[in-house]
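The block underneath contains the structure these notes are about, expressed in structure tokens.
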Amino acid sequence: MEESYKKLIDGNRRFALSKKFEDPEYFKKLSMGQKPEYLWIGCSDSRVPANEVTNTESGEIFVHRNIANQVVNTDINALSVIEYAVNFLKVKHIIVCGHYGCGGVLAAMSNNLHGFVDNWLVNIKNVYHKNKVELDTIPDPDKKADRLTELNVIEQVRNLAKTTIVQQAWAERPLHIHGWVYGINSGLITDLCIIHNEQDDIEEIFRYNIK
Ligand code: CO
């Protein structure tokens with residue numbers, strides 16, 4: 001068997017053994033069902049795995065990942081995940097986690113063609129355009145990319161708050177949306193403190209009348 005492939009199967013066997021060694025009931029308990037308190041919306045980047053960077057276990061975080069952690073209000077994949085997490089799993093927190101050094105953000109900042117993904121990344125170009133005055137004051141390209149990464153997370157938190165799913169949940173119970181950025185070179189998460197808890201946290205035009 002090819003080495004890089006075999007590595008995964010061998011790794012899985014070691015994982016299963018060590019978990020069972022620590023707790024013989026580990027997989028039995030997991031098989032009973034999941035009750036995660038968090039929904040994580042992160043980047044597909046291989047260096048930002050939700051469980052590892054938060055030191056959590058299987059069953060603790062419901063995860064959706066795509067390139068550059070986007071919440072696009074016509075993306076039926078993301079909307080399905082959000083609806084299931086909010087209405088069925090009843091998560092208490094939704095976290096949008098971007099990361100510094102994000103290839104998606106860097107690609108969106110350039111005028112080069114990258115392929116189909118450019119159509120996905122146009123959402124980040126829109127964030128750039130919306131914040132052009134601020135971004136143009138930052139001469140250093142790395143610092144500018146870092147700031148766009150943060151602004152992108154803030155925008156995606158807003159996009160989440162604009163969904164009917166989140167607003168209907170807010171009418172019934174507490175649900176907190178957070179914006180984070182992970183530093184690949186430090187391993188540390190920065191909370192951007194962009195917390196959305198209720199309809200008043202978004203502009204009036206986006207608020208639905210919910211009975
Ligand atoms: Co990324």
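The values are calculated or read from the model by the stated rules, or taken from the named source; none is laboratory data. Bear in mind that the values here come from a model prediction, so they are computed numbers and not experimental data. Heads up, the Cβs are rebuilt from the backbone with ideal geometry, glycines too, and the neighbour counts pull from every protein chain shown. Surface accessibility is based on the protein's heavy atoms, side chains included, excluding ligands, DNA and RNA. Shrake-Rupley method; radii C 1.70, N 1.55, O 1.52, S 1.80 Å.
Here is a yes/no grid of residues against (1) farther than 17 Å from residue 41 by Cβ; (2) open to solvent by 20 Å² or more (accessible area, probe 1.4 Å); (3) over 18 Å from the mean Cα position of the chain (by Cα):
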| residue | (1), (2), (3) |
| --- | --- |
| 111 | yes, yes, yes |
| 128 | yes, yes, yes |
| 136 | yes, yes, yes |
| 147 | yes, yes, no |
| 170 | yes, yes, yes |
| 174 | yes, yes, yes |
| 177 | no, no, no |
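In region 50-70, the residues that are more than 16 Å from the ligand (Cβ to nearest atom) and open to solvent by 60 Å² or more (accessible area, probe 1.4 Å) form Cβ pairs under 6 Å with partners that are assigned to a loop (DSSP other than H, G, I, E, B) and at pLDDT 95 or above, at six or more places apart or across chains, as follows: 60/36. Determine whether region 121-137 contains at least one residue that is within 28 Å of residue 89 (Cβ to Cβ), in the same structural domain as residue 42 (by TED's automatic domain parsing) and in contact with a Gly (Cβ under 6 Å, 6 or more places away or on another chain). No, because not a single residue in region 121-137 is within 28 Å of residue 89 (Cβ to Cβ), in the same structural domain as residue 42 (by TED's automatic domain parsing) and in contact with a Gly (Cβ under 6 Å, 6 or more places away or on another chain). Of the numbered criteria (1) farther than 23 Å from residue 178 by Cβ; (2) in the same structural domain as residue 161 (by TED's automatic domain parsing), the one residue 10 fails is (2).
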